[in-house]
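Contents: one structure, followed by commentary.
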Amino acid sequence: MSVYDPLGLLSHYTITAKVQLQNIWAKKLDWDSPLPEEDKCDFEVWLRALNSVAKLRIPRCYLSTGAVARRELHVFVDASTKAYACVAYWRVTSNDGDAQVSLIAAKSKVGPTRQLSIPRMELQSALIGSRLQQVIREEHRLIPDQVVMWTDSKTVLHWVRNDAKRYSAYVANRLGKIAELTIPKQWRWVPTKENPADEATRPDKDRQVTFESRWYQGPDFLKRPEEEWPQEKIKEDIEEVLPEYEEVVCAAQEEPRVNKEPIPDVERFSNFNRLLNATARVFQFIDCLRSRQRQPLQVIHRKKAEHLLFQYAQRTSFPEEYRILAKDEPVSRKSRLHDLDPVLSPDGLIRMRGRLNAAPGLEKQPIILDGKHQIVRLLIERAHKEAGHANNERVVNDLRQLYWIIHLRPTVRMVAGKCRLCVLRKAQPKVPAMGDLPLARIEPYKRPFTNTAVDLFGPLTVTIGRRHEKRWVALFTCLTTRAVHLEVVHSLSTDSAIMALRRLAARRGWPAVIYSDNATNFRGADVELRNAYKEWLPALREFGVQHNVTWRFIPPGAPNQGGAWERLVRSVKNALTATLHTKAPKEELLLTVLAEAENTVNARPLTHVSVDPRDEEALTPAHFLLGGSTGVPSTGPCEEADRRTWRASQALADHFWRRWIREYLPTLAPRQSSDKGVRPIQKGDYVIIVDGNLPRNVWPRGIVTKVYPGPDGGIRSADVQTRGGMFRRPVTKLAVLPLQQEQPQ
């Protein structure tokens with residue numbers, strides 16, 4: 001590692017130490033282990049020869065100044081079983097015909113521990129020699145008039161000059177790289193005894209480094225005219241030249257050339273343009289080899305690739321029809337192509353012989369393709385994306401202009417159904433059937449407000465003296481009789497909320513169950529009210545426990561489950577709009593208006609209003625609170641010990657409850673949705689959380705980690721693990737994405 005030789009001027013000397021070091025490593029010795037005596041003696045001999053390096057003097061200028069008639073670059077390559085190397089020289093010819101040779105750079109490498117055959121080692125040396133000449137040409141301002149590559153391996157020469165044969169992957173890969181950097185006519189043969197690169201492939205621990213050696217002076221024949229250079233004698237018969245090398249494989253073409261064209265593995269591609277470009281690169285590479293220069297990817301390459309892919313798709317989809325049409329015979333009546341009147345065009349593609357030859361601007365003979373083929377499916381997917389994920393008929397119309405695809409519409413539907421963007425854009429929750437009503441909604445013969453729900457709305461502005469203040473309204477509704485009770489909340493403090501609950505209990509009795517929205521996403525749009533609601537609920541729940549009140553919450557993001565009180569909030573607001581004509585009323589006026597609104601809402605009918613005078617009046621919540629829709633009916637005078645009045649009142653209440661069971665309760669029986677064909681959400685499903693306040697493309701996605709069934713066994717809510725954390729949402733806000741099994745490889 002301490003040798004600084006970027007140009008490789010000492011490569012023929014340092015390669016000996018590299019080979020010795022490789023041999024030592026092969027013996028699995030540690031750094032601190034003493035060297036074997038034989039290796040120690042060899043290294044000491046090589047080290048003593050290092051003294052000759054100090055005497056080495058290399059001119060900084062390549063050549064002497066003077067008129068130059070011709071400048072040539074010569075690169076020699078060679079290899080052995082232990083190492084391979086290359087060395088480059090300038091050969092400059094002056095006007096008087098004298099030739100001068102100067103060393104430019106060299107490179108040597110140790111062979112791999114897994115020993116390769118001599119031809120493969122020679123091929124490796126040819127590869128590093130090609131790279132060396134490329135670097136020299138790029139890093140010099142001097143432009144050579146000629147580049148000559150010299151090797152003493154006739155095997156390598158035959159490989160480089162015969163690109164029509166097929167070789168093993170090892171040989172073919174390196175020949176391809178050599179073909180990118182050189183051309184076959186640049187390669188020549190040189191005898192081993194005149195190859196200076198031979199010195200760097202045969203380690204010699206006694207080698208003396210002098211500027212007079214062949215390594216620095218170059219081969220003698222370069223100083224002579226070109227007519228006196230070595231001439232190779234290579235037989236063109238591969239069997240005579242390389243009968244023993246396994247890596248040369250000759251492949252006879254037994255089928256037409258069209259079947260031997262390079263076709264990538266179609267199943268490995270999920271994009272038609274990527275498949276088309278990969279195939280076009282093959283044609284680009286072929287053109288580069290033929291022209292011996294680099295060429296960019298052109299439109300002609302893509303057209304050839306598209307033609308080849310379509311031809312391959314037709315040959316695999318319609319093999320029998322292709323064979324028959326190639327003989328210029330009509331296809332069988334049982335064939336899928338019979339009704340299309342197919343013909344084999346001169347370009348080798350099966351086309352439909354239509355009747356629109358006189359129509360301008362149309363594909364008169366469209367190519368026939370099978371929609372079940374993978375290439376055609378990729379083509380349809382590209383058309384689907386180019387159409388902006390439009391409806392299927394738009395894609396069908398676009399493809400019909402150029403191709404005649406069998407099973408076109410089913411294939412377009414299938415491709416659109418697997419499109420990830422379309423699945424996300426069209427995902428909708430599968431709404432399950434309505435669940436059974438809870439007992440709190442259908443429990444008769446209970447005091448009103450035994451089962452209660454609470455909600456808040458506001459703020460309302462009131463005038464106190466010369467200032468304006470905010471007030472909120474707490475709406476309590478009886479889940480059984482649908483009666484409402486309104487309480488003014490003077491502030492957003494917890495004490496004010498508890499006092500509103502106490503006022504309800506003092507006038508209506510303590511509820512047994514209270515339902516409300518979830519504290520994490522309160523329905524109210526006012527931020528201040530939402531924040532206060534989160535603070536109230538724990539305190540209200542704890543306060544209710546002391547009076548045997550059970551507090552229950554609906555799942556987050558499920559306002560539909562609170563429809564029993566959400567709709568009454570709107571009814572109260574409508575009543576306030578009709579009676580409150582002052583923007584900022586006094587507080588006493590607000591209390592009065594709220595009481596009137598409460599009475600108005602409680603007087604609404606719960607059942608059908610009959611116009612028959614013989615029928616009783618419609619049942620209202622006020623019947624359970626006041627004994628009638630307009631007030632308490634008279635039951636006669638009541639003495640201190642007389643229980644007839646109490647009995648009449650009790651009989652009247654029982655009468656209302658019987659009517660409630662007979663007239664109102666049956667209206668709650670029908671379900672408004674069915675779960676037939678709806679798969680319930682399961683643990684492990686990949687879902688998207690529907691949020692109407694956000695654009696669809698930013699809806700969070702996650703994995704269902706836990707599901708929560710309702711009393712009827714149906715799944716009503718679930719926990720979803722997303723990047724932003726864990727969320728509990730109702731199934732009406734969860735859309736299952738079928739991407740796990742449909743996602744392409």
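Assorted remarks:
- Peptides ranked, highest mean first, by Cβ atoms within 10 Å: ranges 537-549, 498-510: 498-510, 537-549
- Share antiparallel - DSSP beta bridges, the chain, percent rounded to 5: 75
- Value at 222 nm in deg cm²/dmol, rounded to 500, when DSSP H runs of n ≥ 4 in the chain each add -39,500 (n - 2.57): -11000 deg cm²/dmol
- Nearest-0.05 FRET efficiency for Ile464 and Leu437, computed from C-beta distance (R0 35 Å): 0.20
- Rounded to 10°, Cα long-axis angle of helix 37-48 versus longest principal axis of the chain: 70
- The stretch 396-507 - percent relative contact order, Cα under 8 Å, separation 6 or more: 16
- Quotient of Cα Rg and 2.2 N^0.38 Å for the stretch 330-482, N being how many residues it contains: 2.20
- Pairs over the 27 Å Cα-Cα cut-off, from the set Lys107/Lys185; Lys193/Lys223; Lys27/Lys55; Lys28/Lys177; Lys583/Lys733; Lys430/Lys534: Lys27/Lys55; Lys28/Lys177; Lys583/Lys733; Lys430/Lys534.
- Helix axis angle, 644-659 relative to the chain longest principal axis, alpha carbon, degrees: 30
- Peptides 608-616, 474-482, 288-296 ranked from most to least packed give 474-482, 288-296, 608-616, packing being the mean of other C-beta atoms within 10 angstrom over each peptide's residues.
- Helix 374-386 vs. the chain, principal-axis angle (Cα, 0 to 90°, nearest 10): 60
- With 0.36 nm allotted per residue and the present C-alpha distance subtracted, the Asp328-Gln682 stretch has 121.5 nm of extension available.
- In this calculation the C-beta distance from Gln146 to Lys193 is compared with R0 = 25 Å, giving a FRET efficiency of 0.55.
- Largest first, the three principal axis extents of the alpha carbons in the chain are 148, 80, 53 Å in whole numbers.
- For Lys385, the lysines whose Cα comes closer than 21 Å to its Cα, not counting residues fewer than 8 places off in the same chain, are Lys303, Lys372, Lys418, Lys426.
- Contact order normalised by residue count of the chain, Cα under 8 Å, 6+ apart, percent: 8
- Prolate/oblate/rounded call for the stretch 408-476, Cα gyration tensor, a/c under 1.5 rounded: oblate
- Using only Cα coordinates, the Kirkwood hydrodynamic radius of the stretch 45-117 works out to 15.3 Å.
- Ranked by how many other beta carbons lie within 10 Å on average, peptides 103-109, 218-224 from highest: 103-109, 218-224
- For Thr620, the residues 5 or more places off, or on other chains, whose built amide H falls under 5 Å of its own are Leu606.
- Gyration tensor verdict on the stretch 551-609 (Cα atoms; rounded if a/c is under 1.5, prolate if a/b is larger than b/c, oblate otherwise): oblate
- Using only alpha carbons, the stretch 136-224 has a radius of gyration to Kirkwood radius ratio (Rg to Rh) of 1.02.
- Straight-distance crosslink candidates among lysines, where the alpha carbon sits under 21 Å from Lys327 and sequence neighbours closer than 8 are dropped: Lys260
- With a Förster radius of 22 Å applied to the beta-carbon distance between Lys177 and Ile300, the computed FRET efficiency rounds to 0.30.
- Our coupling estimate for the stretch 68-75, obtained by passing each phi through the Karplus curve with A = 6.51, B = -1.76, C = 1.60 and θ = phi - 60°, is 10, 8, 7, 10, 10, 10, 10, 10 Hz, Gly and Pro reported as x.
- Once the Cα-Cα distance is subtracted from the 0.36 nm per residue extended length, the Arg224 to Ile58 segment shows a gain of 57.5 nm.
- Residue-wise HN-Hα couplings along the stretch 610-621, as the Karplus relation 6.51 cos²θ - 1.76 cosθ + 1.60 with θ = phi - 60° gives them from phi, are 8, 9, 7, x, 7, 7, 6, 5, 5, 6, 10, x Hz; Gly and Pro carry x.
- Cα-based Kirkwood hydrodynamic radius, the stretch 444-491, one decimal, Å: 12.1
Values quoted throughout were computed directly from the atomic coordinates according to the rules given, and no laboratory measurement underlies them. These figures come from a predicted structure and were not determined experimentally. With ideal geometry, Cβ positions are generated from the backbone for all residues, glycine too; neighbour counts draw on all protein chains shown.
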